[in-house]
Amino acid sequence: MKNKVIVKDKDEWSSLANFIGNMIAKYADEIDFDSLPDPDVYLQKRYIYESYKAYMKFRNKKMK
């Protein structure tokens with residue numbers, strides 16, 4: 001394990017964070033993060049789609 005973060009203050013979320021961190025570390029090779037799609041492309045497509053919907057709503061309202 002290359003990166004390790006030590007948190008001194010524990011709260012109700014510490015156990016969940018430790019569990020998720022351990023699962024990611026354990027299965028990182030099987031998950032193969034490098035082959036996952038780029039989230040930026042998805043976010044850009046969603047932004048374009050939402051902008052188009054807003055434009056069409058404005059355009060339809062203006063034409064009425």
Residue match in region 45-60 (condition: polar (S, T, N, Q), part of a helix (DSSP H, G or I) and loosely packed, with under 10 Cβ neighbours inside 10 Å): yes
Pick from region 13-34, criterion in a helix (DSSP H, G or I) and of a type in the set (D, E, K, R), ranking: nearest to Asn3 (Cα to Cα): Lys26
Residues of region 35-44 that turn out to be within 15 Å of the chain's Cα centre (by Cα) and in a helix (DSSP H, G or I), as a count: 6
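Read-outs: derived from the displayed coordinates by stated rules, not from any lab. Just so we're clear, the structure is a prediction, and the values are computed from it rather than from any experiment. Cβ sites come from the backbone with ideal geometry, for glycine too, and all protein chains shown count toward neighbours.
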